[in-house]
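The values are calculated or read from the model by the stated rules, or taken from the named source; none is laboratory data. On a predicted model such as this, the values are computed, not experimentally measured, just so you know. FYI the Cβ positions are ideal-geometry reconstructions off the backbone, even for glycines, and counts take in every protein chain you see.
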Amino acid sequence: MTSRRIFISAFLISVAAGLLPATGHAESTLVNSADFTKIRCNSSGRTTLTTWKGNVTTTGTASDKSSTLFKIAGFNVARCFRDNAGDLIVSSREMTFYLDPSTGEVLRNWQNPWNGESLPVVHIANALVQQKIPQATSLTAESSGETTILRIDVPLSYPNPLGKDPRFADYSPDSSYKAHESFSYVFSRRDLMNIQQLDEVKNVQVSWTRVSPWLPWMKMKGVSGQLVFNAIVQKHEDSAELPELFKGEIARSGTELYLDAPQCIVSNKPNVSSWTYFRDHFDAFLTKAVFPRPEPASLAQEECTAR
């Protein structure tokens, strides 16, 4: 995401090799944006909760071996809307916490293994993530046996919001941001066959992978290397099923804004990413503040005033 609004308006769809069961003949089914609304959210405008757990690994620098830097745990609260053109807008908020890979505890500080520097951990707190899926979108789902898989690949390439600012030369000096995200939605073939009669496909798991540059707060000073995020995502039937870890962190940090999704298509605020969040809270980072920074629920009142 950049500091300006990013709408993902096209998807590159492919079948993930090896994901389908070995037996049975794979059948292709086209999924339109109305059907995908029921897979990602629901058709009635209720909040949808998804949670995830996984790891962040790196290929390291120079001749380093691949290693796990963090465990991660996160969640997203979303609502799906239709704009005036009939396009699907997924409006959401999300948090991800970086955890100690050995103990699983939420990290407050991280010691960079390459230079020994101790740094505040800037957890992911994206108060607005909106995506646009055009009404004419046609996705391909592959079914075999009782299982359906819908694969979405999202290549990302845009100017780095930190790249031209000399303050961030040690944090994210590249002129462009390039990353790649892959989502494999897994749900039952029966739900796909009956999707016209459903308000929501409830039992959905997602395999998510993202390959990205170093995070700005890691202060890698332009050293070559990448991060690989891998997580399993679970869609929940009730948005009240938020795990205690997140409830505790929200209460501690005063980030009650993340307890609910936006109530409308937000047109007066930009999307937030780890890069823009770091830029906006850089002064707090320099004072070694604890993240995430407070974002009260009252901030949601500003989102639907300018439509």
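Restricting attention to segment 258-276, the residues being touching a strand residue (DSSP E or B) at 6+ places or on another chain (Cβ under 6 Å), more than 18 Å from residue 109 (Cβ to Cβ) and outside any loop (DSSP other than H, G, I, E, B) number 1. For segment 240-257, the set of residues classified as outside any helix (DSSP H, G or I) and either touching a strand residue (DSSP E or B) at 6+ places or on another chain (Cβ under 9 Å) or over 19 Å from residue 126 (Cβ atoms) (or both) consists of 240, 241, 242, 243, 255, listed by residue number. Determine whether segment 61-80 contains at least one residue that is assigned to a strand (DSSP E or B), crowded, with 20+ Cβ neighbours inside 10 Å, touching a residue at least 24 places away in the same chain (Cβ under 8 Å) and of a type in the set (Phe, Trp, Tyr). Yes, some residue in segment 61-80 is assigned to a strand (DSSP E or B), crowded, with 20+ Cβ neighbours inside 10 Å, touching a residue at least 24 places away in the same chain (Cβ under 8 Å) and of a type in the set (Phe, Trp, Tyr).
Table: residues versus (1) among the β-branched types (Val, Ile, Thr); (2) modelled with pLDDT under 95; (3) closer than 30 Å to residue 58 by Cβ.
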{"residue": "194", "(1), (2), (3)": "no, no, no"}
{"residue": "227", "(1), (2), (3)": "no, no, yes"}
{"residue": "243", "(1), (2), (3)": "no, no, yes"}
{"residue": "250", "(1), (2), (3)": "yes, no, yes"}
{"residue": "268", "(1), (2), (3)": "no, yes, no"}
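Looking only at segment 187-204, residues that are of a type outside the set (Lys, Arg) and either buried (at least 18 other Cβ atoms within 10 Å of the Cβ) or assigned to a helix (DSSP H, G or I) (or both) come to 10 in all.
I need the strands (runs of 3 or more DSSP E) fully contained in segment 96-185, keeping only those with at least 3 residues that are crowded, with 16+ Cβ neighbours inside 10 Å and not aromatic (Phe, Trp, Tyr). In segment 96-185, the matching strands (runs of 3 or more DSSP E) lie at 124-133, 138-144, 147-159. For segment 267-299, filtered to residues that are β-branched (Val, Ile, Thr) and either free of Cβ contacts under 8 Å to residues at least 40 places away in the same chain or in contact with a Ser or Thr (Cβ under 6 Å, 6 or more places away or on another chain) (or both), the residue that is nearest to residue 125 (Cα to Cα) is 276. Among the residues making up segment 222-239, those that are in contact (Cβ under 8 Å) with a residue 60 or more places away in the chain, assigned to a loop (DSSP other than H, G, I, E, B) and not polar (S, T, N, Q) are 223, 225, 236, 238. If you go through segment 282-307 and keep only what is surrounded by fewer than 17 Cβ atoms within 10 Å (Cβ to Cβ), at pLDDT 95 or above, of a type outside the set (D, E, K, R) and not in a loop (DSSP other than H, G, I, E, B), you end up with 284, 286, 297, 298, 299.
If you filter segment 41-74 down to residues that are in contact with a strand residue (DSSP E or B) (Cβ under 6 Å, 6 or more places away or on another chain) and charged (D, E, K, R), you find that the one that is nearest to residue 233 (Cα to Cα) is 53.
Taking residue 279 as the residue in question, decide whether it is among the basic types (Lys, Arg), in a helix (DSSP H, G or I) and either in contact with a helix residue (DSSP H, G or I) (Cβ under 7 Å, 6 or more places away or on another chain) or crowded, with 17+ Cβ neighbours inside 10 Å (or both).
Working: among the basic types (Lys, Arg): yes; in a helix (DSSP H, G or I): yes; either in contact with a helix residue (DSSP H, G or I) (Cβ under 7 Å, 6 or more places away or on another chain) or crowded, with 17+ Cβ neighbours inside 10 Å (or both): yes.
Yes: the conditions hold for residue 279.
Condition check for residue 38 on (1) crowded, with 20+ Cβ neighbours inside 10 Å; (2) under 17 Å from the mean Cα position of the chain (by Cα); (3) touching a residue at least 60 places away in the same chain (Cβ under 8 Å): one failure, at (2).
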